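What follows draws every value from the coordinates through simple rules; no lab data is involved. Predicted model, so just to flag it, every value in this text is computed and none were measured. For neighbour counting, all protein chains shown are included, and Cβ atoms are generated from backbone atoms with ideal geometry for every residue, glycine included.
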Amino acid sequence: MFKRIIKLALTIFLSLCLSTVYAATPKYSADKAVLAYAEMYTYGTSENVAATGLPQEFSDEIKKRMQNHLMLSFKNYPLNPENFAKVQTAFVEKLQDVIKISTRLKVDDAKNPVVEVTANHIDQKAVDALKEKDSEFMTLDVMRHISEPLELATDGQFQDIAVKSILGLIAELPVKDATTFDVPCKLIEDGDEAYWMPQDIESLSKFIDPVFKLKEPDPQAIDNLLIQIFGGMPAGENPAGNSTEG
């Protein structure tokens, strides 16, 4: 009987040892992984992207799509490719400066940890107030009503005023106080590697998304313009101007 007990104990011990050896253990903590996802949804990029386990080409694609997605805020004001890139760079840099994101492990669980995300957001009402006080934006609105979008993309006067006005708005970009959001995580295994990721990535994107909307009197025309100038719309946008993603 004693020998059977010893044999059973050894069997259990060896099973635990083998499980420890072959089970994939995350290299990065859940809070670091969620921070990376939150930063990518906010700025299009993150220094913590390695914590997600995403291949480089995939993270590059996310960066491209997210930074284009940010520019939908200004799609009422069609910019040529050079000015688009200039405004896009300024916008991303401003977001990195004023939108602060932090994470902490709220529930330490071996299978489903919970991470608390803290972030502030763009103040939409304050943005609208700034825009309404800017006479240059009024001029742009008048020009948009008397010209076709494609004409504006090549109109030097419109381009100069639009870039100046948008960059001015970005420079003064107002933000609200920070709020928190709980993110339950799950384990993703990739061969011998393992990574944490949010169970509901869409909910995180809705919480963190910094895009603010400017008035859109003719979203169909603007979206068609995006297609013609930039070769396609950012992922999740349809021709009616409505987002199909978080």
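Whole number please: convex hull volume per residue, Cα atoms of region 36-145, in Å³.
Working: hull volume 14.8 nm³, N = 110.
Enclosed volume per residue, from the Cα hull, is 134 Å³.
Among 32/63; 63/131; 27/186; 86/125; 63/176; 86/206, which pairs are too far apart, with a Cα-Cα distance over 23 Å? Don't jump to the answer; show the numbers that get you there.
On the way: 32/63 18 Å; 63/131 28 Å; 27/186 14 Å; 86/125 25 Å; 63/176 25 Å; 86/206 26 Å.
Cα-Cα > 23 Å for 63/131; 86/125; 63/176; 86/206; rest within.
Rank the residues 114, 98, 87 as a footprinting-exposure proxy: fewest other Cβ atoms within 10 Å of their Cβ go first. Working shown, then result.
On the way: 114 17, 98 14, 87 22.
Going from least to most buried by this count: 98, 114, 87.
What ranking of 65, 104 emerges when the number of other C-beta atoms within 10 Å of each C-beta is taken as an exposure proxy, fewest first? Don't skip to the end; give the middle numbers.
Numbers: 65 16, 104 12.
Least to most surrounded, the residues fall as 104, 65.
With Kirkwood's inverse mean 1/r over C-alpha pairs for Rh, give me the Rg to Rh ratio of region 22-230, two decimals please.
Details: Rg = 19.7 Å, Rh = 18.7 Å.
For region 22-230, the value is 1.05.
When ranked by the protection proxy of mean other Cβ atoms within 10 Å per residue, highest first, what sequence do the peptides 37-45, 118-126 form? Walk me through the intermediate numbers first.
Numbers: 37-45: 22.9, 118-126: 15.7.
The packing order, highest mean first, is 37-45, 118-126.
So how compact is region 98-207: Cα radius of gyration and Dmax in angstrom?
That works out to 21.5, 61 Å for Rg and Dmax.
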